Structure formats: C-alpha cells, structure tokens
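The values are calculated or read from the model by the stated rules, or taken from the named source; none is laboratory data. Quick caveat, the model's predicted, so the values are computed rather than measured. Neighbour counts are summed over all protein chains in view; Cβ atoms, including those assigned to glycine, are modelled from backbone coordinates with ideal geometry.
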Amino acid sequence: MELQLQYRRGVPERVMTQGNVRPIVDPSILRIYKVHQLIDVVRSVPQGIDRVLSYQLRVTVPEFADLFDGTEQLVSVTIVPWYVRQVFGRAPAGGP
C-alpha cells in the first residue's frame with residue numbers, strides 16, 4: 001500500500017483519553033491506558049472538514065483487491081504528530 005497525501009495543516013488539538021480494561025478470565029485485574037496526543041483532522045466527511053489538497057492511494061496487495069477496486073472514497077484523515085501512552089496495571093486482589 002502506498003499513500004501520497006498533500007494537505008493544509010491546521011492547529012492540532014490536544015486530546016486526552018483513558019481506557020480501563022479488565023480481562024474476562026480474571027475481572028479483578030485492571031489495566032488503565034492513558035493517552036495524550038495532538039490530532040489534526042484534515043478531512044472528515046461527517047464534520048465537513050476538508051483540507052486535503054490531493055491524494056493518491058495505490059494498493060498492490062492481491063488480498064485487498066476486492067476491498068480496493070477503485071470505487072472507494074476517502075472519508076477521514078487524521079494526522080497525529082504527537083502521541084504518548086501510559087499503561088498502569090493493578091494486580092488481582094490477594095495477589096503479589
């Protein structure tokens with residue numbers, strides 16, 4: 001796969017998210033994912049944003065031929081120039 005993209009940069013927005021994950025095999029274990037990132041949405045059809053000047057997508061992987069047949073449409077492009085993820089874990093109750 002090859003993507004060539006030209007776009008006008010915007011002012012990136014700082015986004016912070018947190019996800020708490022518990023495994024189904026032992027719900028007493030908790031893992032917390034904290035993500036801090038800057039994002040620049042340069043195209044979003046639902047939001048009416050389009051700062052893409054030009055793009056070309058080339059797919060030469062035979063397994064993807066049915067998915068990329070030339071009728072696909074570019075719906076969204078988000079640039080992530082900065083990304084930091086922290087992972088915190090708690091041992092199960094009564095564990096070490």
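Annotations for the structure displayed:
- Meets criteria (surrounded by 11 or more Cβ atoms within 10 Å (Cβ to Cβ), in contact with a Ser or Thr (Cβ under 7 Å, 6 or more places away or on another chain) and of a type outside the set (S, T, N, Q)) for residue 43: yes
- The stretch 18-30 residues that are in contact (Cβ under 8 Å) with a residue 12 or more places away in the chain, paired with ones that are part of a loop (DSSP other than H, G, I, E, B) (beta carbon under 7 Å, 6 or more apart): 26/92; 28/92; 28/93; 29/22; 29/23; 29/92; 30/22
- Residues (acidic (Asp, Glu), at pLDDT below 95 and within 26 Å of residue 75 (Cα to Cα)) located in the stretch 1-53: 2
- Check on residue 74, part of a loop (DSSP other than H, G, I, E, B), surrounded by 10 or more Cβ atoms within 10 Å (Cβ to Cβ), under 17 Å from the mean Cα position of the chain (by Cα) and at pLDDT 90 or above: yes
- Here residue 84 meets each of (1) surrounded by 13 or more Cβ atoms within 10 Å (Cβ to Cβ); (2) of a type in the set (Val, Ile, Thr); (3) within 18 Å of the chain's Cα centre (by Cα) with one exception, condition (1).
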